[in-house]
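This report refers to the structure that appears directly beneath it.
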């Protein structure tokens, strides 16, 4: 039985370090290659030794697909391709290809330069890795080899995020990566056509959440920022450099313009400026509004938002600062947070999900005293707000996507086990499809029932469709023919042609059956009775004939009657039919076995 | 239009032998299919007269059978359809031939085209059930065709022509009386999505024609909602909706019937989250039309159960409401008040609701603004029919004010205005609404002002907030002045009791101290006063709180801004209007009485001496003009009559000139006055005819009569001042023709015109026709002098078309500089009132200092229609000129173009369609075209600089 095997190396009942192995019809594909934020040791990268202990990975993988540029989806890529060793193709969309190296370089800098780690990938490795990347367009079908093809769909989430359909023959898998079903200020909503894949691998970060409408969220956000600024407080918004940051920037920018506010907005520099540049470039990947208005003004050319300098953090007066990273676990955002945490006028707004173990997670869960490095205790007096601006689909969104794609199986990744459990139950209950949620390293096997295309001879097709009712597209139709399997091709031809091609002589196969009937009359009278019985009403639609030699034919079935050698009162009916008429023949036999009607 | 074409076609026939014959010759000459096609194409460009249609059809059919090439046959088939559309032609005679052509046709495309032709024929013969039955039968036969195009057309034909009443069909023909519904229903699961779509559309067509759909169809249609193709889903949604309306469940006593609507509603709600935006738009639109749905389902559409980590969460709206009801306005949110509350039973959460849950929540935050707009419109329609729902959807509408697309914001503001009768705004909602006042788009701000005009506010803080925000708006955008004042007028008159406690604060009065008198010219102060005075109208205790200067300011404003400040009963002050009766109905309105009285007076002037007549007229005109200024609702009426009297006055003055007594050629100077008077009367009559909306034929007669008099005057003046008789011949002739056409046009009105100029003239007509010009002139002169003054009956409503250019303001001292030879765009923003069909009539005129005038036709899209009778023109005009040495002013004004053909008396002529308008129509002979300037000119300083080399 054909099967699809899925093994998550990361993101199985977990968030972070997305890396999923899929083998489908003999092809092995790796989906995403991410790192884990929560770890600084070996666990931060997926365990590639699972694939092979020794030897090149290239021999075991047909391709690697990266869904978007977040580090938990592409962070391990240079390590994987350059240090472990993989030379095959890596697929990602154009924006991802453009932005990914910036983030990787930033990540490398923090790890190597700040934390002084050795044995980490180098800048050169990132460059070499990016050379192996093949960029794809939305809805472009890319032929990886003769059989394996992939296709990207729009996923929202961040610029260039895509969902991928992997297809071999007629078996297919759709991997969503991270996606967002509600549009936001800069991106549209994820969309997939009704492709009915065998398996849908979907993220489930917000498996147990149904969010309020984004308008309320936006209004709340603006209100909070506005009030704090009017009070003279400072607002810190920790963001990941790309994605939410741009959305919030656009939101604040337009608000500032409308309300004519003067307080400065800063954006931590460095990679952001480069990234904004790409946002300006990839306008086609943004939402309807930005796409339509960029002729007048590119929305990513901000008027009110300026670059941040470290010294500004100590400036008096209100300000709004976007700083990286988003979970307050390191870098500039943490620095600013430590400076501002003591003042109750200030506010920190966490616009996204925080992984357990990060400062962001701690303050969100209500901890007011934090233990920092060097045993120092930091008291948090500033207001802590959580605005779910995270661009993941919520439970309803996930269900909506499943409804759109109509998969035969669903597999959940990128979420917490407890929450997945709930969603799994819901999916099974409402769509009646089986749902899986493997842990890391655990293999799920899904049996598929692929349909196999067969070439049919035109003559045969015409002949067979002419029999019976009109063709109805929605109903399967029974056909008779001979299947010839040669090498990898399948052909359905008429039996005569098959015989001719194979050089075989035709053998006739007949079934013969004797039916005993109690009838004292003469043989030919019995025959006549049988004839009348059959002719009467039972076989009205068939041609029933009484031949002069005393036998009856129903279509091609022959019925003869002889007297029983021992008992003259018993007549033996001989029914004989070829195997093609099996259906009719057995029907006739059973009919005759019931006996003839008494009255003639 | 049709007549014109026929006329030209007839002319054509005179030169050519016959259409059909020519075509026949052409087709016979054709050697190749390509040639024949060319001939046919050429032939199709010309119209065919009704009489020769049948002949042409025969010839075409003949060639049809001979032709081997499918493309030519296709063209012939399409020509057949076109020909049978010819007005006045009854295609009875060609039905059989057309059906026969189907018999041997092999090409699917041609078949489809032929069926289309049959459809045309069938639609022309709707009264003939036998033919229709035959055609339906033919269509049914071809339903088994393998091409989707043919099946599509068949279904379309069945949909359009299929019998609607079942009984009749059964009687008519037994074998053909198949159930059309079933036939179409069977094609709901055709293998081709296009055919499926066509089947649904055919079903809808049948339904529109009044067929009651069976319930089986409903379940079939529901299945189509899960189709793979978006057109099918989109059409299916429509089908489900209309099915649910007319499917009658056999049990009348139970509520089954209602449940079907609810079920359909739920299904369509489901489609709001479809994958294709086309379907989503369709679904959202349809939701609005399902007003019979039960309230329980309706309210679900706004409901989306929130949860976080499996615990129930309240929505922001619920939280806001709670905050408000607990009396806590400060919106500083406390940490964790949105913290999830109770645990949710995992089994009870239904993620994909089968019902209507959250349909609008999804629709309103859709990715495509088309869907959002459709959702807002649907909300509007549903809210209008259900007050409870209106209250509920308020939060969502308010949220839409922050949409990123202006159109959506505008639409939601309009929606809110439409449902504002049903709702009262909470303070926090008002707050959100008012922030939009700072929007930089003028449309949005004005829409919001309109909204505020008819909003109910619940508290005095709300009123204060609104006033503060409006004043802020005023300082930011001074051009909004009028709109804001108007808004405050309504706000005041709607909430007198809420304004009362605010008065001392607003007027900054103090119980003991005199406060400085505010500046009367400050628009903000005027705004406050407008609010207070309008509130005071229905709150008699309020004037006691006013200080002295407030009363003075009242008098001033009542005079200068009478449309904004109502009459008040102030202590110690007698008002002209108040003593009569406190509640005046419009008919007993004293000012209206005054108008009528003064007119009565004027109509008796026949008995006065010439000097008295003139004086009386002058006084009355002055009175009327003043009345018009004071009473805005009577302005149209007063101006109209004043203009009429003015014409009369001019006529009388002209007739009393000395020149009539003296030998003509000596008094060239005096006659300048008379001819100028004639000219002015003509102009004024055009103004009367075309600048007022609501003018009825009764008035038009009088106006035309006045014009006729002016023309007579012109004729007399010319006769007296020119030597020689020759030019007079032509003029007399023309004049008599005009009298004649006047008689023809207004024959029904003539009995009312006893003793008038025309009446007398018509009596003398036989004499006039035969007499010499000099005699004619003499007769005219005496008739003109003797004729009585006609009463001008006033219509119910009369409004003068006015225009006001808001931008450019004409105050700028900075010249607009541009390089000569290039163009500069000048933004024009104007309001138009009571202009009918502004797209066709309003023009912009630019006058350059050198006398050069330029008339610009604004694009139809530049006109917006913010309210009944009002229009806004926002456009750009391009200016260009050769270089000047110094900046100079140009004048910009608006013109109202008129064309006597378009006058209200004559029948409405349909506008030429696109293709027809390409052929220039000959201007009709008696159409007089011209323009009336109807706005004050605005001066713009411009400076074309010489190009730099």
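The values are calculated or read from the model by the stated rules, or taken from the named source; none is laboratory data. Remember, predicted model here, so these are calculated numbers, not experimental data. In this analysis, Cβ positions are derived from the backbone assuming ideal geometry, glycine residues included, and neighbour counts consider all displayed protein chains.
Residues of the range A:393-411 that are within 12 Å of another protein chain (Cβ to nearest Cβ) and assigned to a strand (DSSP E or B): A:394 alone.
Could you check how many residues of the range B:275-294 are surrounded by fewer than 24 Cβ atoms within 10 Å (Cβ to Cβ), within 14 Å of another protein chain (Cβ to nearest Cβ) and either under 31 Å from the mean Cα position of the chain (by Cα) or in a helix (DSSP H, G or I) (or both)? Residues meeting the conditions: 3.
Would you check if there is a residue in the range A:391-404 being out of contact with any strand residue (DSSP E or B) (no Cβ under 9 Å at 6 or more places or on another chain) and at pLDDT below 85? It would help to see each step written out before you state the result.
Just the residues of the range A:391-404 that are out of contact with any strand residue (DSSP E or B) (no Cβ under 9 Å at 6 or more places or on another chain), to begin with: A:391, A:399-400, A:403-404.
Next, from what is left, pick out any that are at pLDDT below 85: A:391.
Yes, there is a match, as at least one residue in the range A:391-404 is out of contact with any strand residue (DSSP E or B) (no Cβ under 9 Å at 6 or more places or on another chain) and at pLDDT below 85.
Considering the conditions (1) touching a helix residue (DSSP H, G or I) at 6+ places or on another chain (Cβ under 7 Å); (2) in a strand (DSSP E or B); (3) within 14 Å of chain B (Cβ to nearest Cβ), residue A:135 is excluded by exactly one of them, (3). Residue A:366 passes every criterion in (1) surrounded by 14 or more Cβ atoms within 10 Å (Cβ to Cβ); (2) more than 33 Å from the chain's Cα centre (by Cα); (3) more than 23 Å from residue A:113 (Cα to Cα) apart from (1).
Might you check whether a residue that is modelled with pLDDT under 85, away from chain A (no Cβ under 14 Å), closer than 21 Å to residue B:298 by Cα and in a helix (DSSP H, G or I) occurs anywhere in the range B:396-419? There is no residue in the range B:396-419 that is modelled with pLDDT under 85, away from chain A (no Cβ under 14 Å), closer than 21 Å to residue B:298 by Cα and in a helix (DSSP H, G or I). Within the bounds of the range B:188-210, is there any residue that is surrounded by fewer than 19 Cβ atoms within 10 Å (Cβ to Cβ), within 22 Å of residue B:102 (Cβ to Cβ), out of contact with any helix residue (DSSP H, G or I) (no Cβ under 6 Å at 6 or more places or on another chain) and at pLDDT below 80? The answer is no, given that none of the residues of the range B:188-210 is surrounded by fewer than 19 Cβ atoms within 10 Å (Cβ to Cβ), within 22 Å of residue B:102 (Cβ to Cβ), out of contact with any helix residue (DSSP H, G or I) (no Cβ under 6 Å at 6 or more places or on another chain) and at pLDDT below 80. Restricting attention to the range A:194-235, the residues being in a strand (DSSP E or B) and either within 27 Å of residue A:74 (Cβ to Cβ) or within 12 Å of another protein chain (Cβ to nearest Cβ) (or both) number 7.
Condition check ((1) without any contact (Cβ under 8 Å) to a residue 40 or more places away in the chain; (2) crowded, with 16+ Cβ neighbours inside 10 Å; (3) within 20 Å of residue A:14 (Cβ to Cβ)) across all residues:
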| residue | (1), (2), (3) |
| --- | --- |
| A:326 | no, yes, yes |
| A:336 | no, yes, no |
| A:342 | no, no, no |
| A:357 | no, no, yes |
| A:372 | yes, no, no |
| A:375 | yes, no, no |
| A:401 | no, yes, no |
| A:407 | no, yes, no |
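Within the range B:508-527, the residues that satisfy the criterion of being in contact with a helix residue (DSSP H, G or I) (Cβ under 6 Å, 6 or more places away or on another chain) and more than 18 Å from residue B:562 (Cβ to Cβ) are B:517, B:518, B:524. Scanning the range B:223-274 for residues that are in a loop (DSSP other than H, G, I, E, B) and at pLDDT below 80 returns B:247, B:248, B:249, B:250, B:251, B:252, B:253, B:254, B:255. Can you name every residue in the range B:420-452 that is within 13 Å of chain A (Cβ to nearest Cβ), under 22 Å from the mean Cα position of the chain (by Cα) and buried (at least 21 other Cβ atoms within 10 Å of the Cβ)? The answer is B:445, and nothing else. Of all the numbered requirements in (1) in contact with a strand residue (DSSP E or B) (Cβ under 7 Å, 6 or more places away or on another chain); (2) modelled with pLDDT of 85 or more, residue B:635 misses one, and that requirement is (2). Regarding residue A:179, is this residue over 19 Å from residue B:404 (Cα atoms), within 14 Å of another protein chain (Cβ to nearest Cβ), under 15 Å from the mean Cα position of the chain (by Cα) and in a loop (DSSP other than H, G, I, E, B)? So residue A:179 passes the test.
How many residues does the range A:262-296 contain that are within 11 Å of chain B (Cβ to nearest Cβ) and either buried (at least 16 other Cβ atoms within 10 Å of the Cβ) or modelled with pLDDT of 85 or more (or both)? Write out each step before concluding.
So the first thing to find is which residues in the range A:262-296 are within 11 Å of chain B (Cβ to nearest Cβ), and the list is A:287-290, A:292-293.
From what's left, either buried (at least 16 other Cβ atoms within 10 Å of the Cβ) or modelled with pLDDT of 85 or more (or both): A:287-290.
Residues meeting the conditions: 4.
Criterion applied to A:8, A:78, A:101, A:95 was being in the same structural domain as residue A:145 (by the TED database) and more than 28 Å from residue A:273 (Cβ to Cβ), and the one residue passing it is A:8.
Out of the range A:320-363, which residues are in a strand (DSSP E or B) and either over 21 Å from residue A:209 (Cα atoms) or within 31 Å of the chain's Cα centre (by Cα) (or both)? Selection gives A:320, A:321, A:322, A:323, A:347, A:348, A:350. Can we say residue A:384 is away from chain B (no Cβ under 11 Å) and in contact with a strand residue (DSSP E or B) (Cβ under 6 Å, 6 or more places away or on another chain)? Here the answer is no, as residue A:384 does not meet what is asked. For the range B:519-546, filtered to residues that are touching a residue at least 12 places away in the same chain (Cβ under 8 Å) and outside any helix (DSSP H, G or I), the residue that is farthest from residue B:456 (Cα to Cα) is B:520. Restricting the search to strands (runs of 3 or more DSSP E) fully inside the range A:412-515 and requiring at least 3 residues that are away from chain B (no Cβ under 14 Å) and within 33 Å of the chain's Cα centre (by Cα) gives A:444-447, A:489-493.
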